[in-house]
Amino acid sequence: MKAVKPIESLDDIKVLVNSFYDKVRKDELLADIFNNVIQDRWPQHLEKMYTFWQAVLLSEYTYEGSPFPPHAQLPVEKAHFDRWLQLFNATLEEYFEGDRSERARWQANRMAEIFLSKITFYRNNSSIQLA
């Protein structure tokens, strides 16, 4: 069994991100979506995710970008977000504990809810363009 510890550093963020996306890339529901979109750009995607979570959890602002637009056109439904959260939370529980782990869980839930809401809105209002 792996030691469970607080999230304290960029190395911890990398463990979280790498372990989570290893699960996603093998998941029956999510793998095709992620692998088809990201293709051979996994190293770049992982780097971007490190900087995103580094900003959220460590207040080290190295992330540049807007998280929603790359997700706006994905062929996803609530079931995909539920599975994404299930894998993310399982990864947190496997490796981490403490306040930052709870912050990561809260942020992931918030993002899933907001992204699903926005994706649904844009699908139902096709005349509205993303900014």
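So the values come out like this:
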{"read-out": "GNM result for the chain, Cα springs below 10 Å: residue of ASN36, ASN18, ASN109 fluctuating most strongly", "value": "ASN36"}
{"read-out": "Count of lysine pairs in the chain with Cα separation under 19 Å (8 or more residues apart, or interchain)", "value": "9"}
{"read-out": "Cα centroid of the stretch 23-55 to Cα centroid of the stretch 67-97, whole Å", "value": "11 Å"}
{"read-out": "Net charge over other residues, Cβ less than 13 angstrom from the Cβ of TYR50 (K, R count +1; D, E count -1)", "value": "-3"}
{"read-out": "Two-decimal Rg to Rh for the chain - Kirkwood Rh, Cα set", "value": "0.96"}
{"read-out": "Computed [θ] at 222 nm, deg cm²/dmol, the chain (DSSP H ≥ 4; -39,500 (n - 2.57); rounded to nearest 500)", "value": "-22000 deg cm²/dmol"}
{"read-out": "Cα centre as origin, Lys/Arg/Asp/Glu Cβ charges: the chain dipole, Debye", "value": "300 debye"}
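Any read-out appearing in this document is the output of simple, stated calculations on the displayed coordinates, not a laboratory observation. Keep in mind that this is a model prediction, so the values were computed, not measured. Backbone-built Cβ (ideal geometry, glycine too); neighbour counts: all protein chains shown.
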